[in-house]
Structure formats: structure tokens, C-alpha cells
Amino acid sequence: MKKLFFLTLITGFMLTAFNVSAQKKERPSPPDTVRATTSKGVDITIAYSQPGIKGRTLGKEIATYGKEWRTGANEQTAITFSKDVTIEGNKVPAGKYSIWSIPGEKEWVIIINKNTTNWGTDHDVAADLCRFTVKTQKAPKFAERMKFSIAKSGKVSFVWGDAMVAFDVK
């Protein structure tokens, strides 16, 4: 009986130690969340993982120009609106959506998708709510990790490498 008790105790300690060490492991693309309330009272939240450039060329070795991309790393990038909005002329009901894109040197196609449960590489095209094209801008400064921001005006943007992509939420 003592052997069984000690074996159970040791197994419990090992599982606890493994669980604690697994939780402390750092992800290669760290998660981030940005939140803001626009001047029109819309709460916008974006939850994403920040991929790094890591010496690669944007558009060639990572986020390849002309090819669909998850607009982030790991899980799908999620954007949530507290009220109905219009994004670049497209009506989007309040709710949670995923963001996909097709990068380009001079413009990006942004895709708002109703599916938020697939893994980041599984785009459910049938669930696309809207697509719109925005011009690519030069980032104010080089950004090793992708970074989203939300302005009070409702402009949502992200910088990554030398590129900045932005769209208006009204």
C-alpha cells in the first residue's frame, strides 16, 4: 500500500512539474491584443500573434505577394466590433470575425471572414463576409514584429517590416 501511495505521489509531482514547465514555454510568435473605442463609440478588439521578419523578405519568403495569408501567426487573427460598422464601404454586423489578406507590393486585399474557430492556415472561403483592397504604405519605421493599432477615428492599421496596411472602420 505504501508503494502505491508513493508511486501515485511521485506521478502527481511529475505531471504537475511538466504542466508548469509547459505553461512557461514562450511561443515563437507572441500573442498580442489591442483594444480601442472609436469616437463613434464602437469598441474594437484585435487578438493576434506577432510574426517576426527574422531576416526574411516580406512578400517573397513570408506573406508571399499574391497568395492568401492569415494576417498574423498561429491561430486566426480575430477582430471584434461592439456595434454594426462599415469597413471601406462594406457593412459588417457587430460580432467577431477573422482577418485574412492577400499581400501585394502596392496594395493588399483584406478579407473579413465569419469563421473564427479554424486554425490559422484553414481559410473557410465560403464564410467570407467581404473583401476590399487598400493601398500599401511605407511604415514610419521598420517593424520586426507585426503590430496592429486602432486610432480613435476608427482607422485600423498594422505595420510589419517596411509595410503599413490600413483600413477605415466607421
Return a yes/no flag: does segment 114-123 have any residue that is at pLDDT 95 or above and more than 18 Å from A47 (Cβ to Cβ). no
Return the total of residues in segment 68-78 being of a type in the set (D, E) and assigned to a loop (DSSP other than H, G, I, E, B). 1
Taking segment 64-91 and keeping residues crowded, with 19+ Cβ neighbours inside 10 Å, more than 8 Å from the chain's Cα centre (by Cα) and either free of Cβ contacts under 8 Å to residues at least 60 places away in the same chain or over 15 Å from I150 (Cβ atoms) (or both) leaves W69
Those residues of segment 132-169 which are outside any strand (DSSP E or B) and in contact with an Asp or Glu (Cβ under 9 Å, 6 or more places away or on another chain), in sequence order: S153, G154
Out of curiosity, is G95 at pLDDT 80 or above and exposed (fewer than 10 other Cβ atoms within 10 Å of the Cβ)? no
Answer with yes or no whether T33 is under 19 Å from F167 (Cβ atoms), free of Cβ contacts under 8 Å to residues at least 24 places away in the same chain and either over 11 Å from the mean Cα position of the chain (by Cα) or not in a loop (DSSP other than H, G, I, E, B) (or both). yes
Of all residues making up segment 98-126, the number that are surrounded by fewer than 15 Cβ atoms within 10 Å (Cβ to Cβ) and among the hydrophobic types (A, V, I, L, M, F, W, C): 3
Can you name the strands (runs of 3 or more DSSP E) wholly within segment 80-128 that have at least 3 residues being touching a helix residue (DSSP H, G or I) at 6+ places or on another chain (Cβ under 8 Å)? none
Taking the criterion of being among the charged types (D, E, K, R), in a strand (DSSP E or B) and either at pLDDT 65 or above or in contact with a Cys (Cβ under 8 Å, 6 or more places away or on another chain) (or both), would at least one residue in segment 55-67 satisfy it? no
Residues satisfying the stated conditions in segment 36-60, i.e. within 19 Å of the chain's Cα centre (by Cα) and farther than 30 Å from P93 by Cβ: G52, I53, K54, L58, G59
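The values are calculated or read from the model by the stated rules, or taken from the named source; none is laboratory data. Since the structure is predicted, the reported quantities are computational estimates derived from the model, not experimental observations. Because the Cβ atoms are built from the backbone with ideal geometry, glycine has one as well, and the counts that use them run over all protein chains shown.
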